[in-house]
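The structure appears below as structure tokens.
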Amino acid sequence: MAVSVCFRRFDITPTHPVSLLGYFTDRISEGVLDPLYCRMAAVYDGRRKALFVQIDNCMIETADAKALKRAIEAGSPFRASETVVFVNHSHTAPALEDFFESRKEKEYLADLVEKIAAAAGTMKPEAEAETFQCRGRAPGLASNRRWWLKTGVVATNPPRGHKLMDRPEGPVDDEVNTVVFAGKDGRPLALFVSISNHTDTVGGNLISADWTGVMEKAVQGSLGTDVVVMPFIGAQGNINHFDFSAPKDQTGPGEALRIGREYARIVLESLKDRSPLALTPVRIAEKSVRIPPLEVSEAEIAEARKLVARPPAVDAGRKLDADDIFKGDPTVEYYFAKALLDWISRKPEAYDVPLQALRLGEAVFCAIPGEPFVEVGLALKKDSGYALTVPICLAGGHHGYIPMKECFGRGGYETRPFSALLSRDAAGRIVEELLALAAAGRKGK
């Protein structure tokens, strides 16, 4: 069954140096490796509609995502409830919130909201498209980055090939699921590509969309058309691209090229075996779920106060990343302690966590405002009851990492206070609530 569609893509690359979000130190951009884009897709079934807004960025605060949706509602036919806002999680894009030592680029954000709201006002049905799904797999491109050590604890991103490494803590999801919107001539107008992997391969101080931008460019080059390739980053809070068996440098523009081109190859190969996927009717269910903040012990607070009281000598030019966590770097521990105490001073009694289930015919898109562990995405895919389930992480805001309950207390970066903001049972609650929303969508509620 054909659907009416409209697609937009426009450049949102900053024209001046900005603070880049993703690591501990405040990195100021020194140039542009490749452009950043906002991609928008509207799907109409004749009665209802849905708008997807994807931004090349690391994360957007929940309050700002809500403000953007209100701006879209004020200047376009799309209600806030019909719109999902999400990012590709690039770690080399302007900071849209204060995070460790990075500082929010407020002027850039204001300009971004204005541009997106204006573009939404132009999103009217422009073409009819037949819709298909394509399935591929990408073994070896994603790894579970949390490892059990032989000492009996879990570490995030241990040095590749380290003698203490025992086994990964959990699974991966190597599916590459693509939704194809094809025009009357059969050529793709747009692709929705769902992948569970971290978008953090480039590093450094150059602005870049990371491997998702490479993937789009490679797909466009092969198809010979300016097709919109919209990345849907799935549950990947405990996933990244490292090959932990290979003790070599795995960060830099070359890694973005390698991974982006390989994902593009898998997507293109999957297009050869596509099957019809009905994306009508359009139904959307949403709910704001109140979840308490992560429980923090008095001992953890006391230790943070001790660390802050004895700050290390900080080298402003030194680049710190997740590898330094494993080493117990004093500067990293200091940054964590500062962030924890700041969070403790302002954390709410409970977080209002916005969840959305966008049911488009035989597919459901589950929007989660944080970085859920891969087990969350696998559970949604297993139990949703839809032909295609697309988890979208960092959608509608940011509520930190969302680990599985059993992972707390084992060690690792993602379960530490401030990295994780929500209570230990948040992952299970989010899965339960999203499955209920998906079921409501199937019933037409």
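The values are calculated or read from the model by the stated rules, or taken from the named source; none is laboratory data. What you are looking at is a predicted structure, and each value in this text was computed from that prediction instead of being measured. FYI the Cβ positions are ideal-geometry reconstructions off the backbone, even for glycines, and counts take in every protein chain you see.
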Residue in the range 146-186 that is surrounded by the fewest Cβ atoms within 10 Å (Cβ to Cβ), counting only those that are charged (D, E, K, R) and over 29 Å from Met230 (Cβ atoms)
Lys163
Say we look at the range 184-229 and pick out the residues that are over 23 Å from the mean Cα position of the chain (by Cα) and not charged (D, E, K, R); which of these is farthest from Asp249 (Cα to Cα)?
Gly186
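Here's the yes/no breakdown for (1) of a type in the set (Val, Ile, Thr); (2) closer than 26 Å to Leu360 by Cβ:
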{"position": "Thr178", "(1), (2)": "yes, yes"}
{"position": "His198", "(1), (2)": "no, no"}
{"position": "Ser208", "(1), (2)": "no, no"}
{"position": "Gly213", "(1), (2)": "no, yes"}
{"position": "Asp226", "(1), (2)": "no, yes"}
{"position": "Pro231", "(1), (2)": "no, yes"}
{"position": "His241", "(1), (2)": "no, no"}
{"position": "Asp249", "(1), (2)": "no, no"}
Residue list for the range 358-417, filter: over 30 Å from Tyr44 (Cβ atoms), among the hydroxyl-bearing types (Ser, Thr, Tyr), part of a loop (DSSP other than H, G, I, E, B) and in contact (Cβ under 8 Å) with a residue 24 or more places away in the chain
Tyr413
Looking only at the range 296-313, and only at residues there that are among the β-branched types (Val, Ile, Thr) and free of Cβ contacts under 8 Å to residues at least 60 places away in the same chain, the one that is farthest from Phe336 (Cα to Cα):
Ile301
Here is a list: Tyr37, Tyr23. Which entry is modelled with pLDDT under 95 and either within 20 Å of Met215 (Cα to Cα) or among the aromatic types (Phe, Trp, Tyr) (or both)?
Tyr23
Can you find even one residue in the range 95-102 that is of a type outside the set (Gly, Ala, Ser), closer than 27 Å to Arg261 by Cβ, surrounded by 22 or more Cβ atoms within 10 Å (Cβ to Cβ) and touching a residue at least 12 places away in the same chain (Cβ under 8 Å)?
no
Take Leu394 and decide whether it is surrounded by 24 or more Cβ atoms within 10 Å (Cβ to Cβ) and in contact with a strand residue (DSSP E or B) (Cβ under 9 Å, 6 or more places away or on another chain).
yes
Conditions (1) loosely packed, with under 14 Cβ neighbours inside 10 Å; (2) under 23 Å from Ala80 (Cα atoms): number failed by Ile368
(1)
Kindly establish whether Ala118 is over 27 Å from His241 (Cβ atoms) and free of Cβ contacts under 8 Å to residues at least 40 places away in the same chain.
no
Of all residues in the range 301-354 being of a type in the set (D, E, K, R), part of a loop (DSSP other than H, G, I, E, B) and modelled with pLDDT under 90, which is farthest from His241 (Cα to Cα)?
Arg310
How about the range 151-244: which strands (runs of 3 or more DSSP E) wholly inside it have at least 3 residues that are under 30 Å from Glu130 (Cα atoms) and at pLDDT 95 or above?
175-182, 188-195, 228-233
Does Gly328 qualify as being among the small types (Gly, Ala, Ser), without any contact (Cβ under 8 Å) to a residue 40 or more places away in the chain and closer than 28 Å to His398 by Cα?
yes
Checking Glu432 against (1) buried (at least 18 other Cβ atoms within 10 Å of the Cβ); (2) within 21 Å of the chain's Cα centre (by Cα); (3) not polar (S, T, N, Q), the condition it does not meet:
(1)
